[in-house]
Structure formats: C-alpha cells, structure tokens
1. I'd like the full set of residues that are free of Cβ contacts under 8 Å to residues at least 24 places away in the same chain, charged (D, E, K, R) and part of a strand (DSSP E or B), limited to region 530-542.
2. Closer than 25 Å to residue 345 by Cβ, outside any helix (DSSP H, G or I) and in contact (Cβ under 8 Å) with a residue 40 or more places away in the chain: is that true of residue 35 in this structure?
3. Do the conditions hold for residue 11, that is, is it over 16 Å from the mean Cα position of the chain (by Cα), surrounded by 24 or more Cβ atoms within 10 Å (Cβ to Cβ), of a type outside the set (Lys, Arg) and farther than 30 Å from residue 271 by Cβ?
4. Could you list all residues from region 498-539 that are among the polar types (S, T, N, Q) and in contact with a Ser or Thr (Cβ under 9 Å, 6 or more places away or on another chain)?
5. For region 475-529, which positions are over 24 Å from residue 214 (Cα atoms) and part of a helix (DSSP H, G or I)?
6. Which number in (1) out of contact with any Pro (no Cβ under 9 Å at 6 or more places or on another chain); (2) under 18 Å from residue 206 (Cβ atoms) marks the one condition that residue 479 misses?
Amino acid sequence: MDKQVEAHFDVLVIGGGAAGLSAALAAVESGARVAVMGKTYPTRSQTSMAQGGINAALGHMGDGDTVQKHIADTLRSSKTLGSEAAIRRLCEGAPTAIAWLDGLGVPFSRLEDGRIAQRRLGGASGRRACYAQDYTGLKLLHTLYDAALKAGVTFLDEYFLLNFIVENKRALGATAIEMRSGRTVAFGANAVVAATGGYAGLYRGFTTNATTTTGDGTAAALRAGCRLKDLEFVQFHPTALKGSGVLISESARGAGGRLVNGKGESFVDELATRDEIARAIWEQMEAGEEVFLDIRHLGEAFIDEELPQERKLAIFYEGVDPARDLIPVKPVAHYTMGGIAVDGNHMSDVAGLFACGECANAEVHGANRLGGNALLETVVFGREAGANAVVFARQNPASAKGHPQIMKDSAFVRAVFDFPNRIDFYEKRAFLGKIFYHNAGIVRSETGLKGVLSALRQMQSELAFMGVADKSAVYNTNLTEFVEFGNMLELAEALLVCALHRPETRGAHQRAEFTKENPDFDGVHSLSWKEEGTLCNEMKGLK
C-alpha cells in the first residue's frame, strides 16, 4: 500500500556508484545498518564509464611526482574556486585510498615489479593515474559492489528517488517509486547520503553520460532546502566519438595520441587541461574543420594491451579501427563540477543529509576538474561521508513515520497519470539537449543563454500538459522519464541563471563576450536555492 514507511535504517545511501558504495562500506564497517537505494543496479552506474584512471601520488614512477604536486595541479585547475583545505585532504588521502582498493582486490594494471602502473592524464605534472587497462571505473565498481554484498549492505534496487523527507531542516529519509510495482514508498533513516551523480544529462544527445544521469538527487536537494553551488561549470570531454558521443578515454592521449584537423595539422597540446583542449577543438569545428584523434603510431599490440576498450568502441560505434584509422571526435558534456553545497563533513544545509561524489560540490574541482580526480573523490570523500553519517545517525535518531511528504508524493504520482498528454515531453527533452549544447555549452553568450532560458521557461509552463501515455504500474519507464524531465528543467533553469551571472571565462565556463578571467570573480561561488518554490541566486564573495 502507498504512504507506508517500508523500513528504517541508520544510514540510507541514495545511489550505487563508487561514491555511494564507498560511503556504504565505511558506514557498515562502523556497525551501522545501511541500505543503498538506486533507480538501477549498482553495476550499471555511471562509474562504469570512467576509463582513464584514479589519481594518487605514489612516487614510484621515477618522475618525481609528489602529493604536493598533486595538490598544486588540482588547485591550478580549479581556477581559484577550489578550497585548498579540501584539495589537500583529497590528495593526501589518495595513497591510502589506493591501498584500500588494492586490498579489496581491484585488478590494477601492474609494472613488471608488481607495483601499480600509472599513466599521465591532462593537466598532471607526472604519471599519477592508477588504472586497470581502460576499464578502471568498471573494475573499481564491481570490486566495491562485491565488497558491499559481502559486508551485508542492503540493496534497494530499482527504486526511483522522488524527494528527501525533511522536517525542520532535518532529513528523515526519502520517498521513491518502486519501479517493479509502481507503488510510492518511503524509507526512513537517521542519516541520508546522496550519491546520485551529476546532471550532464541536460545535454542529452551530446554527452558521454548514461541516459539516467539526470540530476535527480541534486534537484531533490534543491527542493528540500539545500543550496546548490557553481552549477554553471560543466566539463566537456575533448574526445568523444563524433557520431555517438561515446567517450574515448584521456588515456589515449596520455599514451601519446595526437589531435589533428582534417589537414593533418596539430593545433593543441594534447595534455593540456580539458577546458583548453575542448575549446581548441570547438574552434576548429566552428571554422569548418573536422577533428581526429590519431593513435595509429602506438601500434596494434600496445592498443590491444593498454587501450582495448577504445579500439572496440571506435569499431562498434564509428566503424573505424584506431590501429589503422583516424578516430573522428568532438567534445561533449562529461562531468558537472557544480552540485549540492556541503561543509567539511560533507553535510548539506539540511541536517543529516550528506552528499558525495559528482552530485556534491566539496570545492575540490572548482572551475575545471583535473582528469583522474573524479574517481578519487568518490572513494576518499565517499568514505568520509559514510563515516560522518554514522556519527550523526547515532547522535540523532529520527522517524519518518506519518510524514506528509509521503502522502504528497503519492498524490503527485497519481496526478501525473491524469495530466493531458497533449505535448510530447520526449521531443522537448531532445530539443533541450540540442539547445543546451549549442547555446549553453563550451562557449556561451548572453544572447544564447537568454534564448535557452526563454525556451526552458516555456517548457516549464507546459509541463502539466506533458503527461504519460503509458498508464500501467509495472516498470513504467514513461512515468520515471517524465519525472526525470521535471528534474532536468529545475536544474537547467538554475544552471542558466548562474551562467548569466558570471560574465567572464573561467575554466569550463567560457563566455564569448568575456574571454578572460575577471579578477573580481576570483574565489566567487554561485549559489542557487529555492524560497517558496521560487529560484534564488547569489554570487557569494563578489565585492
């Protein structure tokens, strides 16, 4: 029956990727009763798409890499928007994180002496990224999932998050659609950890992300009373396959791959930061040039040993063999630096609601994430968030029983079936992705951003006329995709407002009219929140 609290946990983790699983493992190690809830199975999470590696200055590659250099590279890439304290904690925790993962059994690639192999990624001053061929995220994810199963973590698979249950700025649990039955249910918790991934799905059709990466947890946090930070910063990966947008890992460039235009000319340093390379490729494309990644000179044996997935993807999706052919590429949305604002303990503005991984803004990536730091953040800060959630849970027991949010969300789901299906939201979703890529993408202008914002607000006004055609209860993806689209519209509005309020080029946020960093915006963060349903924005720190 709807409107029931199905179960109560010490810690409820939303999201089963590397961040969520790391948080769950840290929490269960402390003896807590822990559940991981997600709209898909953990092995299908976005983490599985991470290819290049996970950063840690281990110091055994002979190039003088150190933790201090890792900190300096990360700070430099953040363009003044990274917190030195948070970055130091991340980088100093990296060797311990790798040792923990190694102990769990992650099958890292090895040097001849048995030590973990490392490669250099863009923006790094040394060979720092530990890797498992070019399947790093996939192998890390499967290892964490196996460990969580063995540790006794409860898995609530195929539950679609609706909202966090909040009372007096205190998290009590979450509501969800049980996808296999269509019921609206609730789970209570003394502490909640959001690990729901990013919002690059706004660029649908122009992103490396899975179609399920729609920012549901971030939108729910906005509705729950959390502030979101720096949503305008979206990283575009320079090398996605031109036709499909499927990622070709930075490890291909780290191994010596070259970027050339249709004339065979080199035009950028292949190991510059991602924002620099993405813009250079965009400028080539705007000038009418095609762009290619060339790894033929690496040799077929090397490609099959170190980059087997890249070869398979290029053959399958683009019909070219990287051992013999140039790979046609383009930049697409890859990673979102913005997210739920958290403090040093990874707790949001709502007491008991923690956030980690890509859905959180812990001020380590700033304006442009350093390649290899995303997986690192999921592990180091995921474990911190899980451990801190246990401490909070034990000190602050709570109950969600009878909370009005449960009835409200149950009524909302029933009402969606009665919405007149006059407008096809799938067409609107595709249109949103296209205009976001071209007008709120790599290079933005005030005119383009305002045009997208106008179109977006029209979509918001029409949402009640975009019902669902499928009226069934069991595995109704039409319903969940409609709810996803609503979340996308909320986040899209906030992103556009933030982008308009930052009249400068900084890292991944590049304005056509303002081509340089404005020193007045050094250390300035954009904040978004809602008051009585109305979106508010502040540029915090602007004098």
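The values are calculated or read from the model by the stated rules, or taken from the named source; none is laboratory data. This one's a predicted model, so the numbers in the text were calculated from it and none came from an experiment. Using ideal geometry, Cβ is built from the backbone for each residue, glycine included, and neighbour counts are taken over all protein chains shown.
1. Passing the criteria: 531, 538, 540.
2. Here the answer is yes, as residue 35 does meet what is asked.
3. Against the criterion (over 16 Å from the mean Cα position of the chain (by Cα), surrounded by 24 or more Cβ atoms within 10 Å (Cβ to Cβ), of a type outside the set (Lys, Arg) and farther than 30 Å from residue 271 by Cβ), residue 11 qualifies.
4. 505, 515, 518, 537 - these are the residues of region 498-539 that are among the polar types (S, T, N, Q) and in contact with a Ser or Thr (Cβ under 9 Å, 6 or more places away or on another chain).
5. Within region 475-529, 519, 520, 521 qualify.
6. Of the numbered conditions (1) out of contact with any Pro (no Cβ under 9 Å at 6 or more places or on another chain); (2) under 18 Å from residue 206 (Cβ atoms), the odd one out for residue 479 is (2).
To keep it simple, each residue is scored yes or no on (1) closer than 30 Å to residue 387 by Cβ; (2) in contact with a helix residue (DSSP H, G or I) (Cβ under 6 Å, 6 or more places away or on another chain); (3) among the basic types (Lys, Arg); (4) outside the structural domain of residue 69 (by TED's automatic domain parsing).
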residue	(1), (2), (3), (4)
108	yes, no, no, no
143	yes, yes, no, no
163	yes, yes, no, no
178	yes, no, no, no
199	yes, yes, no, no
207	no, yes, no, no
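Conditions tested, residue by residue: (1) under 20 Å from residue 45 (Cβ atoms); (2) not hydrophobic (A, V, I, L, M, F, W, C).
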residue	(1), (2)
100	yes, no
105	yes, yes
109	no, yes
115	no, yes
120	no, yes
128	no, yes
136	yes, yes
